[in-house]
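Have a look at the structure below, then the notes.
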Amino acid sequence: MWDGTGGRYDQSALRELVEAERGRADRAAGVALRHEILMEAAVETMRPFHRRMAELHRATEGRHRAAADLHAGYVAAVKDWAAGRADVPPAFLAAVAENAGVRSLAVTLFSSPGTAAVVVSDPVAARANDLECVFGEGPSREMPGVCAEWELSNRWPRFGPAAKELGVRAVVSARLGLREAPLGTLTAYRPEPEPDAEIARSTELVADALTATALHPETRLDAEDGLPVHPLFGDLDLEVVVHQATGMVMATQECTASDALVLIHARAYALDESVIEVARTIVNRTSTLS
């Protein structure tokens, strides 16, 4: 779904999004500054009100600046690719991960119990997320939070040791969507044993930015596939073959979709291959799970 000029994502529209987010950030900063000034001159009883308003609008400013920065980083990556500085079109989440200073990121969107759509930034995130599917446990499937190396195996007895073999020694996860209506998680898989506060904050800012842009209910949907018109979802096209393989396994194994997907992930884990590679062999009938 990429045509070399921005495809359905329309790079000019993304640049407009960047400018719009920066404008919203500037307006929020202006309101925050006004309350900060008023707080200094206000009577004692009014200072808590101005402080709360200033903090609220500073937080709003941060979310909009984060959204602007991550989309601007992707636009820059596309520009470099078009100029011949990269071999393949950049993946949106890979550009976001580089911009945020968090190499291995995974977006997990839950559509129904036992099923999920996943976008990853690199092979480490892909393999770690595969482990979560195989073992049915891990940071993407639980409440957001931070987990250091010493907690991994205690919290997830199967995922933890297997993740350490990949070089994952700590994880940070943040909610995607609103607290009252969660859509999934953004997970950072870290090689450092302690996920510092800056990484946790960066992950939360990226999650807020994706919630406000790619996952916003007003984002236009594509007429053909029904996905939001946003570059994050372009990487989901790679998962089509996984869905096809899932259907074939359901038919041959007489099992549910979630069970079929676990079988595919387990085969990928056992062969030390990617899920997409295993799915392609199933669709091409060069291998089966029997």
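Local charge sum around residue 281 (other residues, Cβ-Cβ under 11 Å, Lys/Arg +1, Asp/Glu -1)?
+1
Using only helices, what value at 222 nm comes out for the chain when you add -39,500 (n - 2.57) per DSSP H run of length 4 or more and divide by the total residues, to the nearest 500 deg cm²/dmol?
The helix-only estimate for the chain comes to -18000 deg cm²/dmol at 222 nm.
With point charges of +1 on the Cβ of Lys and Arg and -1 on the Cβ of Asp and Glu, referenced to the Cα centre of the chain, which listed residue (281, 28, 101) lies farthest in the positive direction of the dipole?
My answer, from the dipole projection, is 28.
Suppose every K and R has +1 on its Cβ and every D and E has -1 on its Cβ; what is the size of the dipole of the chain about the Cα centre, in Debye to the nearest 20?
Numbers: 29 positive and 42 negative charges, 95 e Å.
Charge dipole of the chain: 460 debye, to the nearest 20.
At 1.4 Å probe size, what's the solvent-accessible area of residue 80? Round to the nearest 10 Å².
60
Evaluate the relative contact order of the chain (contact order divided by residue number), counting alpha-carbon pairs under 8 angstrom at least 6 apart; express in whole percent.
15
Using heavy-atom solvent-accessible surface (probe 1.4 Å) with all chains present, what is the largest-first order of 37, 264?
37, 264
Where does the charge balance sit around residue 183 when Lys and Arg score +1, Asp and Glu -1, over other residues with C-beta under 14 Å from its C-beta?
+1
Would you mind checking the tilt of helix 257-271 against the longest principal axis of the Cα atoms of the chain, expressed as 0 to 90 degrees and rounded to 10?
The helix 257-271 is inclined about 80 degrees to the chain.
Kindly express, to the nearest 10 degrees and within the range 0 to 90, the angle between helix 197-212's C-alpha long axis and the longest C-alpha principal axis of the chain.
Taking the Cα atoms of the chain, the angle to 197-212 is about 90 degrees.
Keeping every protein chain present and rolling a 1.4 Å probe, give me the accessible area per residue for the chain in Å².
Accessible area per residue: 52 Å².
Which of these values of Cα Rg over 2.2 N^0.38 Å was calculated from the structure shown: (i) 1.11; (ii) 1.33; (iii) 0.98?
Looking at Cα Rg over 2.2 N^0.38 Å for this model, the match is (i).
The values are calculated or read from the model by the stated rules, or taken from the named source; none is laboratory data. Source: prediction; values computed, not measured. All Cβ positions, glycine included, derive from the backbone under ideal geometry; neighbour counts span all protein chains shown. Areas reflect the complete protein model, heavy atoms only, side chains present, ligands, DNA and RNA absent. Shrake-Rupley method; radii C 1.70, N 1.55, O 1.52, S 1.80 Å.
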